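Scroll down for the structure; my scribbles are underneath it.
The values are calculated or read from the model by the stated rules, or taken from the named source; none is laboratory data. Because the structure is a prediction, the values reported are computed rather than measured. A quick note on method: Cβ atoms are made from the backbone with ideal geometry, for glycine too, and the neighbour counts reach across all protein chains shown. Surface accessibility is based on the protein's heavy atoms, side chains included, excluding ligands, DNA and RNA. Shrake-Rupley method; radii C 1.70, N 1.55, O 1.52, S 1.80 Å.
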Amino acid sequence: CTSPNVIICNGDTLFLTSLNSFYKKHFEANTICTIALKPMKHFERYGTVHFDERQQVSRFEEKKAQQEGYINAGLYVINKEQFLLKPFVDSFSFEKDYLEQYYKQEKIAVYVSDAYFLDIGIPEDYQKAQTEIVQQFEKLEK
């Protein structure tokens, strides 16, 4: 890949947002990393991401019951060259060891989208995905 930036996505989530708009936001923000957020209501299985008026991450909050907030949608754009300069071990968590460790030192921009989101991290949502994913892709084709 010759681009200095790459898109990373979690393997257990589906977020049908515009990758063009997401990448454009990253380019305009001129940051090392941009994280996609999904507005959510009445949830407890996700942590929340807070951001400031400049659309940059200001803090992460652990999972707890929330009336509303912005969750990490599992989609990122990173500057691969700058990212690879970090002293990571071979096995690490992108969220814990990068995002939560470096957001105070580096600008991490946010991209908010209310697009379709599905996390198949629990059996009930995995079953839900069996039909909903097909329906969502059929909508995109129309």
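The set of residues in the range 102-125 that are over 16 Å from the mean Cα position of the chain (by Cα) and over 14 Å from residue 45 (Cβ atoms) comprises 104, 105, 106. Of the residues making up the range 62-72, just one is within 20 Å of residue 102 (Cβ to Cβ) and surrounded by fewer than 18 Cβ atoms within 10 Å (Cβ to Cβ), namely 62.
Filter the range 49-61 down to residues that are charged (D, E, K, R) and part of a loop (DSSP other than H, G, I, E, B) and give me whichever is least open to solvent (accessible area, probe 1.4 Å). Outline the logic, then answer.
Filtering the range 49-61 down to residues charged (D, E, K, R) leaves 52-54, 59, 61.
Next cut, part of a loop (DSSP other than H, G, I, E, B) only: 52-54.
Working: 52: 34, 53: 156, 54: 147 Å².
Step by step, filter the range 49-61, then rank; the result is 52.
Exactly one residue among 46, 70, 76 is in contact (Cβ under 8 Å) with a residue 12 or more places away in the chain, in a loop (DSSP other than H, G, I, E, B) and aromatic (Phe, Trp, Tyr), and that residue is 46. Take residue 3 and decide whether it is farther than 22 Å from residue 117 by Cα, assigned to a loop (DSSP other than H, G, I, E, B) and not charged (D, E, K, R). When the stated conditions are applied, residue 3 passes them.
I'm trying to understand the selection: among the residues of the range 25-43, which are of a type in the set (D, E, K, R) and either assigned to a loop (DSSP other than H, G, I, E, B) or loosely packed, with under 14 Cβ neighbours inside 10 Å (or both)?
28, 41
Quick check: is even one residue across the range 9-17 of a type in the set (Gly, Ala, Ser), open to solvent by 40 Å² or more (accessible area, probe 1.4 Å), within 12 Å of the chain's Cα centre (by Cα) and closer than 26 Å to residue 137 by Cα? Checked against the condition, which is being of a type in the set (Gly, Ala, Ser), open to solvent by 40 Å² or more (accessible area, probe 1.4 Å), within 12 Å of the chain's Cα centre (by Cα) and closer than 26 Å to residue 137 by Cα, the range 9-17 yields at least one hit. Out of 31, 13, one residue alone is modelled with pLDDT under 95 and under 16 Å from residue 107 (Cα atoms). It is 31. Residues in the range 79-101 that are part of a helix (DSSP H, G or I) and among the charged types (D, E, K, R) were compared, and the one that is farthest from residue 15 (Cα to Cα) is 81.
Taking the range 73-120 as the range and being open to solvent by 40 Å² or more (accessible area, probe 1.4 Å) and at pLDDT 95 or above as the test, the residues that pass are 112, 114.
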